[in-house]
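One structure is given below, encoded as structure tokens.
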Amino acid sequence: MHRVISPVALQFAKLRCRIFMKNYVAASTIPGLIDDGNHDKPQYHGFKTDYINKLEFLEPDVKKGIPVYRVLNRDGKLIDESQDPKLDTDTLLRMYRSMTMLEVMDEILYDAQSQGRISFYMTNYGEEGTHIGSAAALDDRDLVFGQYREAGVLMWRGFQLSEFMDQCYSNANDPAKGRQLPVHYGSKDLNYYTISSTIATQMPQASGAAYALKLSDDPDRCVICYFGDGAASEGDAHAALNFAATLDAPCIFFCRNNGYAIFTPTCDQYRGDGISARGPGYGIITVRVDGNDVIAVYNATKKARQIAIEESRPVLIEAMTYRVGHHSTSHDGNAYRTPDEVNYWQNALSPIDRFRLYINNTGIWDSAEDEEWKKTSKGKVMEAFTNAEKRLKPSPTHLFTDVYHDVPTHLQSQLNELKEHVKKYSQHYPLSSHEPFC
Ligand SMILES: Cc1ncc(C[n+]2csc(CCOP(=O)(O)OP(=O)(O)O)c2C)c(N)n1
Ligand SMILES: [Mg+2]
């Protein structure tokens, strides 16, 4: 099919082309655009490089495995004193209590799902160090774009146990009024964007938000974008990293490399050196960190935040960790990995155990306090759980609200039809567990 271009449109296009060319020539300070007479140097647009005169291919493992930064050894001892962030006792204990509270919440909600009390759940077992180490290093005003397995970040920000429970129970207090799957939390007050199941969609959104922060008159903030090793295989990951790099957007890309994307192990997902190896390809400053060492994660994120804000550029952190739990309550991890593998990570490499050893070693926490805290934390979670379970589910009216400012007439007539139907067949509907139609 031929498109007919009007003479006016043609003139307009020519004008735009001239403006573009003018700007293009004005931008000729880009390295390689001016022939400086040195023909032994390549002069490609934007490159600073050399010629070679022997054929050489670049091996993918330019470096023999990007190293993993850690601060604590497996016995919870500082390896190098200079890496001690010297956090005060309150902060260290808050970190420990948050990591363990998250574990207790996971246990109770996972069991609740298997008893049919909630519809779905995803645990965070084994990844508590990545959540709390990174969250503690941020400012509460920084924007968080999460995937779905970062409940600890939200807990650190101050999301209450009752709020977690109300969301998982989809009761009348759930801000999404029961329209989201459990664990799809969000909090405007805590600068935590609502989780979307469609993996990696949070990544370009994070780049955009970081660019908006850069252009705003409030530049002392950054964005942190959490994503999994599996999400990194999505096209959105490429778009996000490249946009953030080229726009110099202050975004920390925090990859939780937990070894699996549901049942696909990382060795089947990529051939390169993990996610870190991709950073330099995008021109992004990168670090790989032991995700089960909460202090190392803290140091890496603190520094990443400083770089992102002060230099206005993205930073990539690859936190090496392990998903100890099943992918979700709808998936059985035993189908593709051995109990020995899981036990090894759960017992020998637990981020919580390592951190407990550290605070025991420093003398700020002991086993008696630990026992007491186990009881207290369980009590708090159970209380929130019981309250959420008792609360009514949202009114069925909310099937029709919140998409449009005013419910349009065609939806209003469907709502009326539903009301009549439910009235006629009320014995088939659990009306007593819902708030009434409104
Ligand atoms: C676009 C899209 N494709 C596929 C899925 C199905 N899915 C849900 S989670 C997941 C694996 C994600 O793995 P990873 O990013 O490593 O996160 P993890 O679950 O390990 O924390 C997949 C494939 C999805 N939700 N969205
Ligand atoms: Mg994963």
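The values are calculated or read from the model by the stated rules, or taken from the named source; none is laboratory data. Predicted, not measured: the structure shown is a model, and the values here were computed from it. We place every Cβ from the backbone using ideal geometry, glycine too, and count neighbours over all the protein chains shown.
Here are the criteria: (1) away from ligand 1 (no atom under 16 Å from the Cβ); (2) charged (D, E, K, R); (3) modelled with pLDDT of 95 or more. Tell me which single one D236 does not satisfy.
(1)
Quick check: is even one residue across region 87-100 outside the structural domain of S162 (by TED's automatic domain parsing) and among the acidic types (D, E)?
No, every residue in region 87-100 fails to be outside the structural domain of S162 (by TED's automatic domain parsing) and among the acidic types (D, E).
Applying the selection to region 220-279, what residues are near ligand 2 (Cβ under 10 Å from one of its atoms), in a helix (DSSP H, G or I) and under 19 Å from R305 (Cα atoms)?
Of everything in region 220-279, nothing turns out to be near ligand 2 (Cβ under 10 Å from one of its atoms), in a helix (DSSP H, G or I) and under 19 Å from R305 (Cα atoms).
Across region 329-349, what is the number of residues that are surrounded by fewer than 12 Cβ atoms within 10 Å (Cβ to Cβ) and polar (S, T, N, Q)? Reasoning before the result, please.
Keep residues of region 329-349 that are surrounded by fewer than 12 Cβ atoms within 10 Å (Cβ to Cβ), which gives 332, 334-335, 338-340, 343, 347-348.
Add one more test, that the residue is polar (S, T, N, Q), and what stays is 334, 338, 343, 347.
Matching residues across region 329-349 total 4.
Which ones in region 120-167 are within 16 Å of ligand 1 (Cβ to nearest atom) and either outside the structural domain of M203 (by TED's automatic domain parsing) or of a type in the set (S, T, Y) (or both)?
Once the filter is applied, which keeps residues that are within 16 Å of ligand 1 (Cβ to nearest atom) and either outside the structural domain of M203 (by TED's automatic domain parsing) or of a type in the set (S, T, Y) (or both), region 120-167 yields Y121, T123, Y125, T130, S134, Y148.
Would you mind stating whether Y169 is touching a His at 6+ places or on another chain (Cβ under 8 Å) and more than 22 Å from K302 (Cα to Cα)?
So Y169 fails the test.
If you check D217, D189, D248, D174, which single one turns out to be on the phi > 0 side of the Ramachandran plot and away from ligand 1 (no atom under 16 Å from the Cβ)?
The conditions single out D248.
Could you say whether any residue in region 29-40 is modelled with pLDDT of 85 or more and in a loop (DSSP other than H, G, I, E, B)?
yes
For region 278-296, give me each residue that is within 16 Å of A137 (Cα to Cα) and within 16 Å of ligand 1 (Cβ to nearest atom).
Within region 278-296, G291, N292 qualify.
Exactly one of these conditions fails for S350: (1) assigned by TED's automatic domain parsing to the domain that holds N299; (2) more than 30 Å from G272 (Cα to Cα). Give me its number.
Looking at each condition in turn, S350 falls short on (2).
Among what's in region 298-319 and is part of a helix (DSSP H, G or I) and of a type in the set (S, T, Y), pick the residue that is farthest from G281 (Cα to Cα).
Step by step, filter region 298-319, then rank; the result is Y298.
Sort out which residues of region 77-134 are crowded, with 21+ Cβ neighbours inside 10 Å and among the aromatic types (F, W, Y), and write them in order of number.
Passing the criteria: Y96, Y121, Y125.
Tell me, please, whether a residue that is of a type in the set (A, V, I, L, M), under 30 Å from G274 (Cα atoms) and more than 29 Å from the chain's Cα centre (by Cα) can be found in region 54-74.
Checking region 54-74: at least one residue is of a type in the set (A, V, I, L, M), under 30 Å from G274 (Cα atoms) and more than 29 Å from the chain's Cα centre (by Cα).
Which pairs have Cβ atoms under 8 Å, sit 6 or more apart or on different chains, and link a residue in region 390-401 that is farther than 9 Å from E435 by Cβ to one that is at pLDDT 95 or above and assigned to a helix (DSSP H, G or I)?
Final answer for the pair search is R391/D166; L399/L415; L399/L418; F400/L411; F400/Q412; F400/Q414; F400/L415.
Within the set of pairs 6+ apart or on separate chains, which have a first residue in region 320-331 that is assigned to a loop (DSSP other than H, G, I, E, B), a second that is β-branched (V, I, T), and C-beta atoms under 7 Å apart?
Every condition considered, the pairs that remain are T321/T130; V324/V342; G325/T123; H327/I262; H331/I262.
Please determine, by comparing only the residues of region 251-277 that are over 16 Å from the mean Cα position of the chain (by Cα), under 16 Å from E234 (Cα atoms) and among the charged types (D, E, K, R), which one is nearest to ligand 1 (Cβ to nearest atom).
Here the residue is D268.
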